[in-house]
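Okay, structure first, notes after.
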Amino acid sequence: MRELALADALEWEAARLADIAGGRAGAAALLWSCERALVAPASLSRHPNFKRAYSRANEAGWPVHLRATGGDLVPQGPEIVNLSLLFRAPLGTASGLEDAYRQLTSPIREALSQAGISSCHGSVAGAFCDGRFNITVMGRKFAGTAQRWRPMAGEMAVQTHAMMLIRTPDENTITTLNRFYFDCGIKRVIHASAHVGLQDLVQLDEKKATQHRFLCMIADRAHFWSAPRLS
Amino acid sequence: MVTDVKVPRDLWQDDGMEAVITNWLASDGSNVRKGALIAEIMVEKSQFEVTAPADGVLTITKQDNDIVRKGDVIGTIA
């Protein structure tokens with residue numbers, strides 16, 4: 001896993017998507033974490049009160065970055081691990097979006113299963129950046145997902161991203177998200193209890209070892225999956 | 001000749017699922033080139049880039065934040 005500046009991670013994703021769309025690469029994968037920040041989809045930046053919310057979050061020690069994928073506001077920080085998978089998808093399958101989410105979440109759900117943790121896909125009321133392809137454990141959000149699709153010759157270049165909670169978000173994080181929405185004038189309330197981190201799902205004496213095995217397994221799968229294939 | 005700018009039909013399964021136009025990157029009445037990125041739509045937290053299907057002058061028929069479905073015409077190029 002790589003520790004990156006958030007801006008560098010977002011730049012890496014944009015560059016790899018351009019490589020794939022331009023035919024210079026077939027797939028790419030990165031497991032990463034970054035400093036504390038908020039990340040909003042670019043569409044949120046066109047909200048009339050975004051600048052005010054942006055400034056206040058920045059003053060409170062939560063710099064705001066914009067991302068290319070869809071969804072809503074999310075926190076980032078050392079307690080969150082991200083998986084970025086980028087690949088080509090054929091046109092005309094009529095299930096591209098759903099298949100891409102399954103491809104992204106499959107290594108994460110397998111790693112959870114290896115740790116004895118049962119998971120499924122689903123929305124969670126009160127979770128940040130809620131969506132049907134969250135990975136949930138015991139009805140709480142463990143990972144959020146998003147995508148970006150770019151047409152290329154006869155195919156689509158797909159950027160997928162999952163953010164996994166290693167620790168359950170603390171009250172400061174949740175308050176920051178809710179403050180941002182309040183400053184934007186958006187009526188949305190996030191609840192800490194809608195989320196669960198890996199460290200709250202494993203035995204106290206197993207936390208470090210489980211986390212290490214979990215991330216190694218995802219990294220192995222992602223590396224294998226994105227490596228060039230011999231035909 | 002008029003070419004429709006459509007929401008793709010083959011990107012997701014559910015025919016009833018709604019998407020939203022999150023951004024027009026080309027303005028109404030502007031000249032666009034085939035293949036240029038002109039709009040973005042979002043569905044299921046997925047952002048889709050919409051490219052111009054032809055060269056010509058763009059007429060926007062669905063605005064930012066409008067709800068659209070698979071196959072909907074969101075603009076034309078003439």
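The values are calculated or read from the model by the stated rules, or taken from the named source; none is laboratory data. Here the structure is a predicted model, which means the values were calculated and not measured. Don't worry about glycine lacking a Cβ; one is built from the backbone with ideal geometry, like all the others, and counts go over all protein chains shown. These area figures cover heavy atoms from the full protein model, side chains too; ligands, DNA and RNA do not enter into them. Shrake-Rupley method; radii C 1.70, N 1.55, O 1.52, S 1.80 Å.
Things worth noting here:
- In chain A, excluding the sites themselves, the longest stretch lacking any of the trypsin sites (Lys or Arg not before Pro) that are in a DSSP loop with at most 14 other Cβ atoms within 10 Å is A:25-131.
- Carbon plus sulfur fraction of accessible area for the stretch A:76-125, probe 1.4 Å, in percent: 47
- Note on surface exposure: A:Glu59, A:Glu13, A:Glu79, B:Glu44 rank A:Glu59, A:Glu79, B:Glu44, A:Glu13 by accessible area, highest first, 1.4 Å probe.
- Label-reachable residues, the stretch A:47-80, where backbone N falls under 12 Å from a point 7 Å from A:Arg179's Cα toward its Cβ: A:53-63
- Residues of the stretch A:96-117 buried by at least 20 Å² on assembly (accessible area, 1.4 Å probe, chain alone as reference): A:Leu97, A:Glu98, A:Tyr101
- Peptide B:20-26 is shielded by partner chain Cβ atoms: per residue, an average of 2 of them sit within 10 Å of its Cβ.
- Building the convex hull from the alpha-carbon atoms of the stretch A:1-122 and averaging its projection over directions returns 9.6 nm².
- Buried on assembly, the stretch A:143-172 (at least 10 Å² less accessible surface than by itself, 1.4 Å probe): A:Thr145, A:Gln147, A:Arg148, A:Trp149, A:Arg150, A:Pro151, A:Met156
- Percent RCO, i.e. relative contact order, over the stretch A:89-226, from Cα pairs under 8 Å lying at least 6 residues apart: 24
- Two-site FRET efficiency, A:His65 against A:Trp225, from Cβ-Cβ distance with R₀ of 30 Å, rounded to 0.05: 0.70
- Per residue solvent-accessible surface (Å²) - the protein assembly as shown, probe of 1.4 Å: 46
- For the stretch B:3-77, the relative contact order is 43 percent, taking Cα pairs closer than 8 Å that sit 6 or more residues apart in sequence and dividing their mean separation by the residue count.
- nm² value of the averaged projected area, convex hull over the Cα atoms of the protein assembly as shown: 16.5
- Largest accessible area first, the listed residues A:Ser84, A:Ser43 line up as A:Ser43, A:Ser84 when surface is computed with a 1.4 Å probe on the assembled protein chains.
- Taken over the alpha carbons of chain B as equal point scatterers, the Debye sum produces base-10 log I(q)/I(0) values at 0.19, 0.24 Å⁻¹ of -0.71, -1.10.
- In chain A, Cα pairs under 8 Å separated by at least six residues give a relative contact order of 23 percent.
- Buried accessible surface for the B/A chain pair comes to about 1900 Å², total over both chains, computed with a 1.4 Å probe.
- Pairs from the table (A:Lys141/A:Lys187; A:Lys187/B:Lys45; A:Lys51/B:Lys70; A:Lys51/B:Lys45; A:Lys141/B:Lys70; A:Lys141/B:Lys6) lying more than 27 angstrom apart at Cα are A:Lys51/B:Lys70; A:Lys141/B:Lys70; A:Lys141/B:Lys6.
- Taking label positions 7 Å along the Cα-Cβ direction at both A:Ala153 and A:Cys120, the computed distance is 4.5 nm, reported to one decimal.
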